[in-house]
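Report on the structure given below.
Each reported figure results from applying straightforward, stated rules to the coordinates on display, with no laboratory input. As the structure is a prediction and not an experimental result, all values here were calculated from the model. Neighbour counts are summed over all protein chains in view; Cβ atoms, including those assigned to glycine, are modelled from backbone coordinates with ideal geometry.
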Ligand SMILES: [Zn+2]
């Protein structure tokens, strides 16, 4: 420990906290509607809001990653911090998807009540045959398209899901479309070459 590491640590922690707190403030004031809240089912306070907490942590770790790169930290290596940021990012998306839009609870909240198919339609998917050439380590060297453009028809389904919050009993719906033929899309032919990846120093 010396003055440089202490000051670097303080600067990055303070900046990380400020940036993340600002992001939380922005999210809360822009996307959290107050009109839906009644006295009976109150919104959880900010320190119990799992989505805002994971969002804060993700943003904090992204800022730390930035400082790790700038200061070339060894112990708090940027590679570990990037991994932590990605993990936290996934957790944030997950908590967002599980969150009740009314009381903002994540646990004991969103419950699927009904699932409906609204419509189904055929849509064209245009592609060309593709060959992927691989280096000896399995990474992609080249992609080559050959032959004319082809079209296959795919089935898309529009679905609607109805949810109810188990805590505040708020009801809401989400609509989305799903490609039922996604697995039938032609995959490129993969060919191994004898070339070594020039970027691989391992
Ligand atoms: Zn709720």
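Projected label points at residue 146 and residue 26, each 7 Å from Cα along the beta carbon direction, are separated by 4.9 nanometres.
Sorting 171, 110, 160 by the number of Cβ atoms found within 10 Å of their own Cβ, with the fewest placed first, yields 171, 160, 110. Helix-only arithmetic for the chain: the sum of -39500 (n - 2.57) across DSSP H runs with n ≥ 4, divided by the residue total, places the mean residue ellipticity at 222 nm at -12500 deg cm²/dmol. The calculated FRET efficiency for the pair residue 190 and residue 162, based on their C-beta separation and a Förster distance of 41 Å, comes to about 0.45.
Using the basic label-point model (7 angstrom from Cα toward the beta carbon), what is the residue 139 to residue 116 distance in nanometres? Distance between the two pseudo-spin positions: 5.0 nm. Within the listed set 61, 145, 90, the Gaussian network model of the chain (springs between alpha-carbon atoms below 10 Å) gives the highest mean-square fluctuation for 145.
Does segment 3-107 come out rounded, prolate or oblate, given a ≥ b ≥ c as the square roots of the eigenvalues of its C-alpha gyration tensor, rounded meaning a/c under 1.5 and, failing that, prolate meaning a/b above b/c? Taking the square roots of the gyration eigenvalues as a ≥ b ≥ c, segment 3-107 is prolate.
Working from Cα pairs under 8 Å separated by at least six residues, relative contact order for the chain is 18 percent. Of the peptides 130-140, 10-20, the ranking by mean beta-carbon count within 10 Å, highest at the top, reads 10-20, 130-140. Segment 98-126 and segment 40-88 have Cα centres lying 27 Å from one another.
Springs between Cα atoms under 10 Å define the GNM used for the chain, and in it the highest mean-square fluctuation of 102, 77, 184 occurs at 184. Can you bin the chain into rounded, prolate or oblate? Criterion: square roots of the alpha carbon gyration tensor eigenvalues sorted a ≥ b ≥ c, rounded for a/c under 1.5, prolate for a/b above b/c, oblate for the rest. It is oblate, given that a/c is not under 1.5 and a/b is not larger than b/c. Legend: ranking of residues 170, 195 from fewest to most surrounding C-beta atoms inside 10 Å; resulting order 195, 170.
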